[in-house]
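The next block holds one structure in the form of structure tokens; read it before the comments.
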Amino acid sequence: MEKWHNFILILIIVTLNMSGANTNLINLGFEKGTFSGWTGYTRIYSTDVPSNNTSWVEVTLPTSRRQVIMTDTTAYDPTVGNLLKIIPKGYKYSARLGDVITSADVTQGNNMGFRCWQQKLQYKLAVDSTNSLLIMKFACVLQYASDHTALMEPRFKLTLYDSSGNEINTCTNYDVYSSSSLVTGFKTYTSTNSLFSSASNIQWRDWTTIGADLSAYKGQNITLEFMSADCTGRFHFGYAYFVADYQPMKISTNFCGTSDTAKLIAPTGFESYRWRDMGSGSIVNSDTTLSTISVPMVNKDSVIYHCIMRSATGCIDSLSTTILKYKPVASFTAKMVGSCTADSVQFTNNSSTNRGKLSYLWDYGDGTTDTISSKVHLHHYTTSGHHTATLTVYNPPSTCTIDTVKDVESIDVDMVELKAGKDSICIGSSTGTLIANGAWSYKWSIDSTTTKLDTASIKTGLPANTYWVIGYNSAYNCFSKKHYATISDESEWMDSIQGKCWFCAQDSTQLNASGWYVNAKQLIGAAKQSLSYLWSNGATTDTVFIGKPGTYTVTATDPWGCSRSTAVNVSEKALPLTDFSVSPLVINPKHNEVICSITQQSNVIYSWNFGDNTTLVSGNPVSHLYSQSLPTARYLIALKDSDTVYGCTNSATKSIVMEPFIPNVFTPNGDGHNDYFMPYYDMKIYDRYGILLYTGTTTTIGWDGTYKGKKVDPDTYFYVIHYTDFNNQTQTRKGYITLIR
């Protein structure tokens, strides 16, 4: 049987959300958690089964096992002992390409067990200045297959194609077989998984970063393709996890305002960075992992820096930048224009910089934004009053940015309004709130003088009353009519607790809270608004079940926050006694009377059930005769006692046993009375010498005092009786019977 060797590849490419991102690259990094924009293919390819060789077939994404979005950010790859995370920290998704073998595949013996699959994913992108650097991170797990040639082995391939479908010749292309496990950078893991027992040494490579410089392809469409393959035999597999990312191929400079230090930011994702000051020719960083460095610029006008970026696979990219200071200034003015109902504001942009060209982002404070760059423009507000407007200024090619914030006024006197914070407040309180909006300042009826103007738009701590306000603009040449609002005392209302304020032991009682309103005529009616409840035991429903004695309080609160509290004391009532006695506990058809008794309690009714379809409701003691002719039986006597005051009930049972009646004398003298001993029993009779005189069965009428047809003498005889009891168990009774004639 062919040995199993394993190939696992995990590829993740970092995704950044960048300003001005190319719209052709939506979901390149699976940031939507879907395969939107990607195309999937699969095929069977096997040198062992040539007839199964097929062409690539496009598939609907996601597939069940070969192209799947991964979402568990805490998961690790178990094939290498959970040393490798399938979604690196800081990322939400990756896509799995291909599938690992499972124990179920081994037993199925179908196309999932006999694999021989290849699968790939493609993404077409239009290259421009925003995405000219493609960054890729991947990790490989390869099981060396000593009995395969390279072309038979599991494989992973990363390829870039130009718009004509030709492979782009770049060192970022990656093509590896499982026999490539001896290349630099791989680690060894010894698997304990029984599926891989014949192939224990797994070579794996941790996250590896490469970057593809696509600057030469700006304005063209290229295709990014990832392919993983099982071996061309039957069982060895290959799969991948990946996402994709793009960045501008440039060094960003942050050297702004009055700072004396410039910050240089190279594209992220490379394994090493070597920064060189071109003026002195010296390397300035000892830590080659730094993609960002700080450059002192005291008494310096400009400096040229060069950065050499190296991928883990040896690909080299380089960039240069000239450090220049940028001093953007964000400034604007705003004034209302038009009539008192126009609600329009004229913005004048006074921003400036010492170099470069500015771009702008306006946030008008009403939920709308704009990137308009004209010196003067109008904005129409749909709400009136104060607005916090922000102008953010960008100064490319640097990363310098600055913003300024102003309180901007607009007015449409028809939009001025006044409302109460709540329709009602609690009776007698001063907790009312009035909220005005739509103006710059206000004249309030609640001020000591109605000529006072106040910029405050909210007034609190008000008693019930009717109030008015007039809204003004800052120049006081636009004003509204009077707007009124009323704060009312809430309607008087009450609350209560209904339900039994006691419960029987081992039970509970249901309490129900309710509230109602009392109108001006002192008539009670249902609550007009729903109330909320909070019980002292933490319950928040109107109904609770109480199973412990104590004092319980419920606080009812209306929609205005007004509360009422009611308390009730709940007690526990003891159950009536049930410890009754029965005598005797064993009876027989001859002696069949029992007497039951219990200590009498006041206000308690006793209900007896004697287990033979006979019941009795009475005091105690009580007697009962069992009239059934059964030779053996078990009867369950049940007592249920009821408290007539609280309705508490209790119960108990005791059992008695009926056994066969065996007399000690019988008189077989033909008088029709006691002429036969123990009819219909399995029985043997012996004389004093041990001679067997009689053998009876369940069908015989009993011993008639004869032996071989002759009457025996009056004497004492020994019997052995067998019978089946109420538990269907065989019982034996032995004793002596005296025969009298």
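The values are calculated or read from the model by the stated rules, or taken from the named source; none is laboratory data. Predicted, not measured: the structure shown is a model, and the values here were computed from it. All Cβ positions, even for glycine, are placed from backbone atoms using ideal geometry, and neighbour counts span all protein chains on display. All accessible areas refer to the heavy atoms of the entire protein, side chains included, with ligands and DNA or RNA removed. Shrake-Rupley method; radii C 1.70, N 1.55, O 1.52, S 1.80 Å.
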Residue-level accessible surface for SER424, protein heavy atoms, 1.4 Å, Å²: 20 Å²
Unpartnered cysteines - no second Cys beta carbon under 4.7 Å - across the chain: CYS116, CYS140, CYS231, CYS307, CYS501, CYS596
Global geometry of the range 206-358, whether rounded, prolate or oblate, following the gyration tensor of its Cα atoms and the 1.5 cut on a/c: oblate
The chain, accessible surface, carbon-and-sulfur percent (1.4 angstrom probe): 50 percent
Compactness relative to 2.2 N^0.38 Å, alpha carbon Rg of the chain: 1.81
Solvent exposure of the range 544-643 as accessible area per residue, Å², 1.4 Å probe: 53 Å²
Helix-derived mean residue ellipticity, 222 nm - over the chain, DSSP H n ≥ 4, -39500 (n - 2.57), to 500: 0 deg cm²/dmol
Local electrostatic count at PRO621 - Lys and Arg +1, Asp and Glu -1, tallied over other residues with Cβ under 15 Å: -2
Solvent exposure of the range 121-160 as accessible area per residue, Å², 1.4 Å probe: 29 Å²
Local electrostatic count at THR455 - Lys and Arg +1, Asp and Glu -1, tallied over other residues with Cβ under 14 Å: -1
Potential lengthening between LYS92 and ALA574 on full extension [0.36 nm per residue; Cα-Cα distance subtracted]: 167.3 nm
Cβ-defined net charge surrounding SER474, 12 Å radius [Lys, Arg +1; Asp, Glu -1]: -1
Cα gyration tensor, the range 254-342 - rounded (a/c under 1.5), prolate or oblate: prolate
For the range 512-654, the spread of Cα positions along each principal axis, largest first, Å: 81, 31, 26
Relative contact order, percent, the chain [alpha-carbon distance under 8 Å, six or more residues apart]: 7 percent
Where the range 330-465 is the region considered: accessible area per residue in Å², 1.4 Å probe: 49 Å²
Cα gyration tensor shape for the range 383-524, rounded if a/c is under 1.5, else prolate or oblate: oblate
Euclidean distance of C-alpha centroids, the range 554-573 and the range 638-691, integer Å: 63 Å
Potential lengthening between CYS171 and SER286 on full extension [0.36 nm per residue; Cα-Cα distance subtracted]: 38.8 nm
Under DSSP loop assignment and at most 11 Cβ neighbours within 10 Å, longest chymotrypsin sites (Phe, Trp or Tyr not before Pro)-free interval of the chain: 1-475
Residue pairs, from the table LYS32/LYS120; LYS548/LYS573; LYS419/LYS459; LYS89/LYS250, whose Cα atoms sit over 22 Å apart: LYS89/LYS250
Extension gain from TYR484 to LYS684, taking 0.36 nm per residue of separation minus the Cα-Cα distance: 60.7 nm
LYS548 versus ASP715: modelled label distance in nm, points set 7 Å from Cα along the beta carbon direction: 7.9 nm
